[in-house]
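In what follows, a single structure is set out as structure tokens and then discussed.
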Amino acid sequence: MNDSPVDPLAELPPYLRDILNQLPEDHSIALSETAGPLISDIKKLTDRRKRYAYLLLSRHRLTRLLAECPSPCPDLILRRAEVYEALGYSELALADAYVSYTLCLVALDDPDISDLEPVDLEGNPWPPSDDGQSEDDPNPVALKQKYRSLVLMCRSAIILGVQTQAKLWIDEVLAVKRIIRRLNGEEPREPVRDIEEVVGDFSEYSTIYEDESKFHKCVKLLRRDVKPTLFGWCQRQIYPWNEYEPDRMSKEALIEINEKLHVVAPDLEVEISTLPTLTPSMDEGMQRLSVGELRTSVSSTANCSSQLGLFAKKQLAPGATILRERSVLTAIRPHGEAVCDACAADMEDIDRGDRRYCVGCNIPFCSEECQRAANERYHHPNEEDYETDEGYPPAEAPFCPGSSGNDDLHTLGRAESSTTPEWDLYFLLLSRTLQLAETQKLHPLDLFETKYLWGDFSPTPEVIDLPLKSGPKSLPYSVRHHVELPLQWFEVLMHSRERCRPYSATWLKKYDWWIIQTLFSKFRGVADAQQSTWTGKPEVAAVHPLWCLANHSCNPNVTWKPRE
């Protein structure tokens with residue numbers, strides 16, 4: 001019998017063990033909490049490094065509990081959102097809080113909002129019924145949860161700079177506050193009193209960084225009588241728990257990339273190039289400003305940085321085709337027969353004899369090669385025209401609706417009347433990536449199409465040398481495209497594959513919000529797009545993982561065209 005003591009850190013992932021081991025203290029009390037330390041207790045700690053470590057511990061434990069729930073649990077989701085806010089990840093806090101808010105709407109007699117079914121910590125339907133409650137009154141538990149969710153959503157939206165959304169939610173916060181007061185039997189009062197109370201709840205914003213002043217500046221910007229902004233900025237960071245990001249400069253990475261490159265460009269090879277750093281160091285300020293930040297002095301440093309680049313293995317003739325890469329990581333706004341679904345080639349330029357169509361749903365392909373690539377990598381055909389009892393595609397072909405099945409996955413982000421075509425294309429790149437990952441049974445960050453993309457990430461915080469300020473917000477952000485549309489996408493997919501339900505164990509491992517944010521960081525800056533010759537709006541986009549290694553010039557001498 002082995003009587004040796006059990007290491008309480010053994011069940012933690014390596015990154016978390018390393019962080020806690022760097023703090024030579026007794027963590028037994030924190031480790032004994034099933035859901036991790038309470039955030040109210042963490043905020044009382046005076047050591048910022050310990051707060052940071054315990055927040056990461058809570059995030060890990062809450063995520064694990066969510067994976068064990070049979071359906072989304074609003075309480076756990078909102079608690080994780082509060083942890084994300086304290087860590088300075090407003091983009092992740094907003095996403096979790098938005099789902100908690102959505103589940104509250106479902107519970108408050110509006111089930112058409114979402115097909116997600118909220119449960120409590122034990123897996124029972126949420127919220128619990130109140131025997132003393134009038135049938136005409138909203139459930140007080142769900143109403144208070146909705147209020148807390150909205151407050152956190154507003155704070156996150158303000159710090160991210162999406163002011164239009166923040167103002168809409170602030171109006172809703174005030175309305176919910178008045179309903180709560182009425183249910184508590186309180187007398188009506190002047191609106192200014194409700195505003196003061198809500199402002200007090202807003203003021204509870206705090207993170208491990210010295211960001212409170214930044215938040216108050218954002219609030220002042222919101223109060224100004226100017227046109228509010230629809231889009232904002234969020235961080236591009238390799239999150240501390242992201243164990244999928246490879247070492248792009250490793251020998252193994254170069255071997256894998258060059259093996260792929262040799263097929264499409266036999267006269268080229270990938271090498272590491274060392275170039276002078278033209279962007280400022282973290283110590284001297286960042287040029288990209290967060291909303292509410294003041295501009296600081298910026299200067300280039302003489303430091304060098306290493307990047308991957310394409311190099312010729314021999315002298316190349318002018319005008320020669322040096323690379324012929326066909327990517328299926330494409331985004332196509334027009335939904336129909338205009339372009340090849342795989343490579344985005346214009347179908348009008350393709351001979352009728354070369355055209356191919358999905359035997360299930362009839363989407364077009366420019367060649368047998370593209371059809372085969374689609375069938376193998378992201379679009380299994382629904383040849384028998386099966387569908388679920390609800391009219392959704394079957395689990396074995398979830399992205400092929402057949403001749404008359406539910407087509408919602410293909411229409412999301414493709415509205416012809418959209419005023420945000422560029423943003424739509426980035427969402428459609430995300431959609432295609434998720435299709436690739438789900439079809440190939442891979443993690444989205446393990447796909448070759450995304451694995452080595454340069455995300456322009458800011459450094460991951462180090463617990464021993466924790467910076468005073470959070471990282472720069474350099475990734476364009478949209479609530480609609482970063483939260484609402486991805487959530488709708490999975491709410492549709494879960495009817496074909498239940499394991500893809502938001503906050504299921506599979507979803508948390510492969511598709512959690514931090515993964516979506518990481519993918520957006522990688523797409524921005526490497527995706528190529530082309531405009532419609534009819535409307536002038538962005539129409540198609542693609543990510544070519546090999547081609548993007550070369551195109552780092554402000555005046556490139558190579559260009560991209562679909563199917564070329």
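The values are calculated or read from the model by the stated rules, or taken from the named source; none is laboratory data. Worth saying up front: this structure is predicted, and the values here are computed from it rather than measured. Quick reminder, even Gly has a Cβ in these numbers, built from the backbone with ideal geometry, and neighbours come from all protein chains shown.
Tell me yes or no: at least one residue of the range 114-133 is among the aromatic types (Phe, Trp, Tyr), over 30 Å from ARG49 (Cα atoms) and surrounded by 13 or more Cβ atoms within 10 Å (Cβ to Cβ). Please lay out each step first, then the result.
So the first thing to find is which residues in the range 114-133 are among the aromatic types (Phe, Trp, Tyr), and the list is 126.
Remaining after also requiring over 30 Å from ARG49 (Cα atoms): 126.
Subset that is surrounded by 13 or more Cβ atoms within 10 Å (Cβ to Cβ): 126.
Yes; the residues of the range 114-133 include at least one that is among the aromatic types (Phe, Trp, Tyr), over 30 Å from ARG49 (Cα atoms) and surrounded by 13 or more Cβ atoms within 10 Å (Cβ to Cβ).
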Criterion first (among the aliphatic types (A, V, I, L, M), under 23 Å from GLY123 (Cα atoms) and either touching a residue at least 24 places away in the same chain (Cβ under 8 Å) or assigned to a helix (DSSP H, G or I) (or both)) does LEU62 satisfy it? yes
By residue number, the members of the range 15-36 that are more than 26 Å from the chain's Cα centre (by Cα), assigned to a loop (DSSP other than H, G, I, E, B) and free of Cβ contacts under 8 Å to residues at least 60 places away in the same chain are PRO24, GLU25, ASP26, HIS27, GLU33, THR34
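Within the range 71-90, how many residues are outside any helix (DSSP H, G or I), farther than 14 Å from SER149 by Cβ and within 19 Å of the chain's Cα centre (by Cα)? Break it down into steps so the answer makes sense when it comes.
Taking the range 71-90 first, the residues outside any helix (DSSP H, G or I) are 71-73, 88-89.
This time we only want the ones that are farther than 14 Å from SER149 by Cβ, so: 71, 88-89.
Now narrow it down to the ones that are within 19 Å of the chain's Cα centre (by Cα): 88-89.
So the answer is 2.
Tally the residues that are assigned to a helix (DSSP H, G or I) and in contact (Cβ under 8 Å) with a residue 24 or more places away in the chain, restricting the search to the range 464-504. Break it down stepwise before answering.
Filtering the range 464-504 down to residues assigned to a helix (DSSP H, G or I) leaves 479-493, 498-500.
Going one step further and asking which of them are in contact (Cβ under 8 Å) with a residue 24 or more places away in the chain, we end up with 479-489, 491-493, 500.
Going through the range 464-504 one residue at a time, the tally reaches 15.
Given the structure, is THR518 of a type in the set (S, T, N, Q), within 28 Å of GLU259 (Cα to Cα), at pLDDT 95 or above and out of contact with any Lys or Arg (no Cβ under 7 Å at 6 or more places or on another chain)? Outline the logic, then answer.
Working: of a type in the set (S, T, N, Q): yes; within 28 Å of GLU259 (Cα to Cα): yes; at pLDDT 95 or above: yes; out of contact with any Lys or Arg (no Cβ under 7 Å at 6 or more places or on another chain): yes.
Here the answer is yes, as THR518 does meet what is asked.
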Show the residue pairs that are 6+ apart or on different chains and have beta-carbon atoms under 6 Å apart, the first residue being within the range 230-244 and part of a strand (DSSP E or B), the second being of a type in the set (A, V, I, L, M) and crowded, with 18+ Cβ neighbours inside 10 Å. GLY232/LEU160; GLY232/VAL162; CYS234/LEU160; CYS234/LEU475
One residue from ALA373, ALA415, ALA397 being among the aliphatic types (A, V, I, L, M) and surrounded by fewer than 15 Cβ atoms within 10 Å (Cβ to Cβ): ALA415
Please determine, by comparing only the residues of the range 462-480 that are touching a helix residue (DSSP H, G or I) at 6+ places or on another chain (Cβ under 7 Å) and crowded, with 20+ Cβ neighbours inside 10 Å, which one is nearest to ARG326 (Cα to Cα). LEU475
Quick count over the range 176-192, residues being surrounded by 11 or more Cβ atoms within 10 Å (Cβ to Cβ), free of Cβ contacts under 8 Å to residues at least 24 places away in the same chain and assigned to a helix (DSSP H, G or I), is 3
Those residues of the range 171-213 which are touching a helix residue (DSSP H, G or I) at 6+ places or on another chain (Cβ under 6 Å) and more than 23 Å from ALA142 (Cα to Cα), in sequence order: THR207, ILE208
If we scan the range 30-53, do we find a residue that is of a type outside the set (Val, Ile, Thr), farther than 24 Å from GLU210 by Cα and surrounded by fewer than 13 Cβ atoms within 10 Å (Cβ to Cβ)? yes
With the condition kept exactly as written, say whether any residue in the range 147-157 is in contact with a strand residue (DSSP E or B) (Cβ under 8 Å, 6 or more places away or on another chain), under 26 Å from PHE202 (Cβ atoms), in contact (Cβ under 8 Å) with a residue 40 or more places away in the chain and assigned to a helix (DSSP H, G or I). yes
